[in-house]
Structures are given as structure tokens and as C-alpha cells.
Amino acid sequence: MARINDHYLKLRASYLFSETGRRTREYQAAHPDAKLIRLGIGDVTRPLPEAVISAMHEAVDEMAKPETFRGYPPETGWDFLVDAIIRHDYGERGIKLTADEIVVSDGAKSDTGNIQEIFGPDCIVALSDPVYPAYLDVTVMGGRAGNADAGGRYDRIVYLPCTAENNFQPRIPDRPVDLIFLCYPNNPTGAVLTRVALKTWIDFARERGAVILYDAAYEAYIRDAAIPHSIYEIEGAREVAIEFRSFSKTAGFTGTRCAYTVVPKELQGRSAAGEPVSINALWVRRQSTKFNGVAYVIQRAAAATYTSEGRKQVTALVDYYMENARILREGLEAAGLTVYGARNAPYIWVKTSGRLSSWDFFDKLLHEAHVVGTPGAGFGPSGEGYFRLTAFGGRAATEEAVDRIKTRLAR
Ligand code: MLT
């Protein structure tokens with residue numbers, strides 16, 4: 001029998017969204033008439049923008065003719081997409097990047113997971129708590145987490161608690177760390193980091209030789225003009241940070257799959273002998289070996305989000321979800337619940353009522369209001385006592401969910 005990777009045996013039994021999905025399916029099977037409203041996993045519900053659809057159709061037609069057919073894409077992405085990313089996502093914010101610092105991929109989830117592979121197995125990982133569960137699980141899979149205690153905390157991970165008491169702002173670690181996952185706007189709490197707070201992290205990383213893995217998948221949801229959209233807006237970030245971006249939550253690509261990762265040329269790791277090593281070169285090496293690129297049709301679709309029509313349509317999509325966020329926030333506050341987030345992020349982080357645990361609150365909401373959310377404890381121990389709802393539902397479903405929570409939970 002082949003020896004398996006023991007680290008996989010240290011994972012909790014199932015991925016958070018698999019578990020909430022399982023409980024939801026079981027409830028639906030037992031109550032086929034229940035009209036469930038799903039505000040659990042952050043999956044978008046609006047169709048792709050018109051500009052994206054037209055670009056896809058055109059690209060499909062190109063693939064049908066010998067003279068315009070394309071095979072393998074360039075390893076790090078087609079120029080037309082990379083140039084648009086550099087010009088719009090960064091150039092317009094005064095950030096200069098070069099084409100070889102962008103690597104187009106199929107998702108921020110896979111990139112934030114795979115990136116760990118190019119770092120040593122003994123690297124110490126810092127994670128906010130609560131955290132997007134994929135960061136934790138990939139740390140466990142890569143053997144960097146150590147062993148879990150009875151409460152599910154791994155002994156080699158440096159947890160950075162984020163609760164109402166510290167305004168959901170992680171504290172700088174009090175011990176050395178090598179890799180720091182930061183996700184802003186935050187999934188799950190909806191919190192944001194100010195420029196000053198982000199600068200503190202960059203200074204810390206520079207001082208300690210740590211690398212910040214900055215997941216900016218939700219940057220399009222920032223409403224407050226003072227909040228940075230990219231970590232590279234802050235001085236010094238190019239030396240210490242990798243940034244992950246995605247078309248999933250901005251342009252509705254959760255099922256279409258396109259994202260990119262920025263690895264600046266200045267960013268260096270070190271070899272066992274202490275020699276500096278280019279992280280950009282290693283990431284490109286990893287991707288060109290293990291990933292064959294994003295389909296031409298999909299990259300054309302992503303590039304269409306930067307045309308003037310595409311940009312208007314993407315803005316309208318984000319506005320639509322942010323209006324849902326407002327409806328949820330104001331509705332739940334009116335129902336007497338304490339809520340956070342949802343101002344610069346598509347997630348609303350709710351304090352569970354009546355001292356219910358977050359899984360009990362999940363069950364109560366599912367059984368009594370037929371609304372599916374995500375229990376805060378599933379994002380980490382500091383998520384206990386909280387519950388997450390997403391703004392990615394349809395408008396009518398979001399309004400109905402608020403009504404049901406008001407009437408059925410308040411009973
Ligand atoms: C979430 O619900 O946290 C997201 O959908 C996860 C993801 O983007 O993979």
C-alpha cells in the first residue's frame with residue numbers, strides 16, 4: 001500500500017462549506033416543501049455582464065477557425081489581459097507593475113493554497129482567527145500546522161484573534177513568523193484595514209523577513225475612499241507582499257474561473273544557505289510546471305471587464321450586491337441583532353442571539369427561518385458566537401431572508 005501524506009490526516013473531517021452543504025441537503029431532503037434561502041457560501045447569483053458574454057461568444061468563434069484558433073495559452077497569461085490588469089487595476093491607482101510580475105490563474109483559492117509550496121516546510125504561518133478556511137487547510141496539508149488540540153487549534157500556527165473587542169483588527173504577532181495571510185476586505189468579518197494598519201504589517205514583515213500573502217479578492221467592494229485597494233498602495237509592500245486578485249466576486253466568475261497573482265520582482269526568499277532567491281521566478285516555475293493556463297475564451301471574458309461597457313456593468317453588479325449588504329445590515333439591526341461588516345465588503349458578520357453557539361444558530365436559522373448562513377466557529381475558534389451571511393443572493397431572496405429572520409427569530 002502506498003504511504004499517504006500524514007498531514008492530510010490532521011485535517012478536520014470536512015471542509016467548512018462541505019459540512020454546511022451536507023446539513024442543508026439533509027434538512028431539505030427531510031423537508032422538501034421548505035423554501036430555503038441560501039446566504040451561506042459566498043457564491044454570486046447574478047449572470048455574467050453583457051460585455052463578458054459577448055467577448056466569450058467572439059472568442060468561441062475565433063476558436064472555431066483555423067486562422068484564429070489558439071492552443072496552450074502563454075504560461076502567465078495573454079498580453080491583452082495582463083496589460084489591462086496593469087493599466088486599470090494598478091496604473092489607475094498610481095502603482096507600477098511589469099507584465100512579468102502578473103501570473104494569471106484559475107482562482108485566488110488555488111493560488112493562495114499553492115503558493116505555500118514554494119516555501120520551506122518549517123515556515124511559521126500566521127493566520128487571522130476567524131479566517132477563510134482554505135488558508136488553514138492548505139497550511140495543514142503542507143505540514144506547517146503541527147498538531148491540533150481538542151479545540152481544533154494547531155500548535156505551530158500563530159493565530160491572530162479578530163473579535164469585536166479589538167474591532168476585528170489582528171495584532172502584530174509577538175513572535176517570529178514567516179508567512180502571514182491577510183485578507184482585506186475580510187472574509188468572513190467584512191472588516192477593512194486602514195493604510196496606517198497595513199503599513200504596520202509591512203514594516204513588521206520587512207523587519208522580520210516575513211512574506212505577506214495578501215488576498216484582495218473583495219477590493220471592489222470598498223466604499224470608503226480612505227481604504228487601500230491594493231497592498232502596493234503602501235510604501236515598502238513590493239519587498240514583502242504577494243497580492244491575490246480574482247474576477248469571481250467582482251465580475252461573477254465563480255463558475256467561470258479567472259484570477260491573478262502579483263509577485264513583485266523585489267520580493268525575495270532565502271535558500272537553506274541564506275542566499276536570496278527570487279520568489280517571482282519560483283512562482284512562475286511552479287505554475288509553468290503544474291498549470292497550463294486559463295482558457296483563451298475565459299481570458300477574453302476577463303479582459304472584457306476592463307472595457308468601458310464592461311467596467312460600467314461590473315460596477316453595477318458590485319452595487320447590486322452592496323445594496324443587498326445594506327438591506328441585510330439595516331434589517332438585522334432593526335431585528336435587534338448586533339452586526340458588523342457589510343459596509344466595505346459583501347459579508348455581514350452577525351453576533352448570535354441568546355448566547356447560542358454559532359452551529360446552534362446555524363441550525364435555528366435553517367430550521368425556523370429556512371435561511372442558510374455559515375457558522376462563525378467554522379472560520380476558527382474566535383468565530384464562535386458569530387454567524388456570517390453573504391450579500392451575494394438575489395434581491396428578493398435577501399429581502400425575504402431579512403423578513404423571515406425578523407419575524408421568525410424574534411418570536
Ligand atoms: C466563501 O464563502 O467564503 C467564499 O465563497 C469562498 C471562496 O471564495 O472560495
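Below are the figures for this structure:
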quantity: Options Y214, G190, A304, ranked by Cα towards positive dipole end of the chain, top entry (Cβ charges); calculated: G190
quantity: Global geometry of segment 252-314, whether rounded, prolate or oblate, following the gyration tensor of its Cα atoms and the 1.5 cut on a/c; calculated: prolate
quantity: Ranked order, R195, R171 - accessible area, probe 1.4 Å, largest first; calculated: R171, R195
quantity: Residue order for H31, H370 - accessible surface, 1.4 angstrom probe, largest first; calculated: H31, H370
quantity: Cα gyration tensor, segment 96-195 - rounded (a/c under 1.5), prolate or oblate; calculated: oblate
quantity: Most to least packed among 110-123, 249-262 [average Cβ atoms within 10 Å]; calculated: 249-262, 110-123
quantity: Inter-site label distance for E323 and A226 at 7 Å from Cα along Cβ, in nm; calculated: 2.8
quantity: Relative contact order (percent, whole number), segment 53-307, Cα cutoff 8 Å, 6+ residue spacing; calculated: 25
quantity: Estimated inter-spin distance, E50 and T315, nm [label 7 Å along Cα→Cβ]; calculated: 1.6
quantity: Value of [θ]222 nm, deg cm²/dmol, for the chain, DSSP H segments ≥ 4, -39500 (n - 2.57) each, nearest 500; calculated: -10000 deg cm²/dmol
quantity: Antiparallel content of DSSP bridges confined to segment 53-307, in %, to 5; calculated: 45
quantity: Approximate spin-label separation I118-A396, in nm, with each point projected 7 Å along Cα-to-Cβ; calculated: 4.8
quantity: Helix runs (DSSP H) in the chain reaching 27 Å along axis by Cα, Kyte-Doolittle at least 0.5; calculated: none
quantity: FRET E, pair E26, A2, Förster distance 25 Å, beta-carbon r, rounded to 0.05; calculated: 0.15
quantity: Cα-based Rg of segment 107-259 normalised by 2.2 N^0.38 Å, two decimals; calculated: 1.00
quantity: Cβ-derived FRET efficiency at R0 22 Å, E92 paired with L282, nearest 0.05; calculated: 0.15
quantity: More than 24 Å apart - percent of Cα-Cα pairs taken over segment 53-307; calculated: 47
quantity: Accessible surface of the chain, 1.4 Å probe, proportion on carbon and sulfur as whole %; calculated: 52
quantity: Accessible surface ranking that places the most exposed of M63, M322 first, with a 1.4 angstrom probe; calculated: M63, M322
quantity: Under 12 Å, Cβ to Cβ, from K265 - net charge with Lys/Arg +1 and Asp/Glu -1; calculated: -2
quantity: Cα-Cα over 22 Å, subset of K10/K351; K351/K406; K65/K249; calculated: K10/K351; K65/K249
quantity: Per residue solvent-accessible surface (Å²) - the chain, probe of 1.4 Å; calculated: 44
quantity: Radius ratio Rg over Rh of segment 1-109, counting only Cα atoms, Kirkwood formula for Rh; calculated: 1.12
quantity: Cβ-based charge dipole, segment 53-307, positive-most Cα from T76, T289, C123; calculated: C123
quantity: Under 5 Å, built H, 5+ apart or other chain: amide partners of R38; calculated: V372
quantity: Given charges at beta-carbon only (K, R positive; D, E negative), |dipole| of the chain in Debye; calculated: 740
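The values are calculated or read from the model by the stated rules, or taken from the named source; none is laboratory data. Quick caveat, the model's predicted, so the values are computed rather than measured. Here Cβ is always computed from backbone atoms with ideal geometry, including for glycine, and neighbour counts include all displayed protein chains. Quick note on the areas: whole protein, heavy atoms, side chains included, nothing else; ligands and nucleic acids left out. Shrake-Rupley method; radii C 1.70, N 1.55, O 1.52, S 1.80 Å.
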